[in-house]
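The values are calculated or read from the model by the stated rules, or taken from the named source; none is laboratory data. If you're wondering where the values come from, they're calculated on a predicted model, not measured in any experiment. A quick note on method: Cβ atoms are made from the backbone with ideal geometry, for glycine too, and the neighbour counts reach across all protein chains shown. Ligands, DNA and RNA are excluded from the accessible area calculation, which covers all protein heavy atoms including side chains. Shrake-Rupley method; radii C 1.70, N 1.55, O 1.52, S 1.80 Å.
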Amino acid sequence: MELLVFGHAGMPVLIFPTSQGKYFEYEDRGMTGVLAGKLDSGALQLYCVDSVDSESWYNKAVHPRVRIARHMQYEAYLLREVVPLIRQKNPQPGLVTHGCSFGAYHAMNFALRHPDIVTKCVSMGGAFDVRQFLNGYYDNDIYFHSPNDYLPNLSDPWYLDRYRANFYMLVTGEHDMCWNANEQFAALLRAKSIPHALYVWGNQTGHDWPWWQKMAAAYLP
């Protein structure tokens, strides 16, 4: 697995690409450019990872059980290789996850599943229900990787106490097809008394990189 690191110090941000995206997408789409000042000043450090979406959620050639299994292998890679690399290179105690579109799902799911590691999540134009990728198949592993499903039922104080010490940010636009999904997810967070913010941008803001560039400049780190 390949990744890119930008910046020399500051808050580390683990960045997930959009659907089936690559580790160089964030740079190619101009996101690192709009953050150049913060990167140069040592305010934040970006870790842009690759995806295996084409082998997991989007792989219609295999059974849905294989799709979720591949996603779980990806999560293990993040935990066993990427997070230790971040800790080795950056002494900052916190960690932010961030992604746009389907990358926002990855960022939020990883943050909620590992609140002892991730202290903040910044999602842009995200949706958090993965059942659309599974042709009606459902099992416990899918449940525990679908935040829309597991969060409403969660009562374990180990998780809730850590959620309430962290922060979860949802950013979307008035013309983003995921606006409703963000409103619904903010309601789930509110019902659990989890610190969060929902920002809905006006001015014809939609689901695309020019808007995400402006959002990243406003909300990272």
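Couple of notes before you dig in:
- Mean residue ellipticity, 222 nm, helices only, the chain: the sum of -39500 (n - 2.57) across DSSP H runs of n ≥ 4, divided by residue count and rounded to 500, is -11000 deg cm²/dmol.
- Using C-alpha pairs below 8 Å separated by at least 6 residues, the relative contact order for segment 160-205 is 53 percent.
- DSSP beta bridge pairing in segment 1-109, given as percent antiparallel to the nearest 5: 30
- Comparing LEU46, LEU78, LEU14 in a Gaussian network model of the chain where C-alpha atoms under 10 Å apart are linked, the largest mean-square fluctuation is found at LEU78.
- Stretching ARG80 away from ASP141 to a fully extended chain increases their span by 20.0 nm, per 0.36 nm per residue minus the current alpha-carbon distance.
- Per residue value of the accessible surface for segment 12-142 (all protein chains in place, 1.4 Å probe), Å²: 39
- Net +/- balance of residues flanking GLN184 in space, Cβ distance below 13 Å, scoring K and R +1, D and E -1: -2
- Length-normalised contact order for segment 109-163 - Cα pairs under 8 Å, 6+ apart - percent: 36
- Gyration tensor verdict on segment 87-196 (Cα atoms; rounded if a/c is under 1.5, prolate if a/b is larger than b/c, oblate otherwise): rounded
- Surface composition of segment 37-154: carbon plus sulfur atoms contribute 49% of the solvent-accessible area (1.4 Å probe, protein chains only, all chains present).
- Computed from the C-beta positions of ALA165 and LYS60 and an R0 of 35 Å, the FRET efficiency is 0.30 to the nearest 0.05.
- Charged-residue dipole, Cβ positions (Lys, Arg, Asp, Glu), segment 17-97 about Cα centre, Debye nearest 20: 280
- Pairs beyond 24 Å (Cα-Cα), from LYS120/LYS192; LYS22/LYS214; LYS89/LYS120; LYS38/LYS120; LYS22/LYS89; LYS89/LYS214: LYS89/LYS214
- Leading residue at positive end of dipole, the chain (Cβ point charges), from PRO147, GLY206, ILE194: ILE194
- Summed side-chain charge close to TRP201 - residues other than TRP201 whose Cβ falls under 14 Å, Lys, Arg +1, Asp, Glu -1: -3
- Accessible surface of segment 162-221, 1.4 Å probe, proportion on carbon and sulfur as whole %: 52
- Exposure rank, largest accessible area first [PHE128, PHE24; 1.4 Å]: PHE24, PHE128
- Only alpha carbons enter this Debye calculation for segment 11-126, each as an equal point scatterer, and the log10 of I(q)/I(0) it gives at q = 0.21, 0.22 Å⁻¹ is -1.23, -1.33.
- The Cα center of segment 55-118 and the Cα center of segment 134-168 differ in position by 14 Å.
- Pair-distance profile P(r), taking every C-alpha pair of the chain, with 10 angstrom steps and integer %: 8, 35, 39, 16, 1
- The value of relative contact order for the chain, using C-alpha pairs under 8 Å at least six residues apart, is 19 percent.
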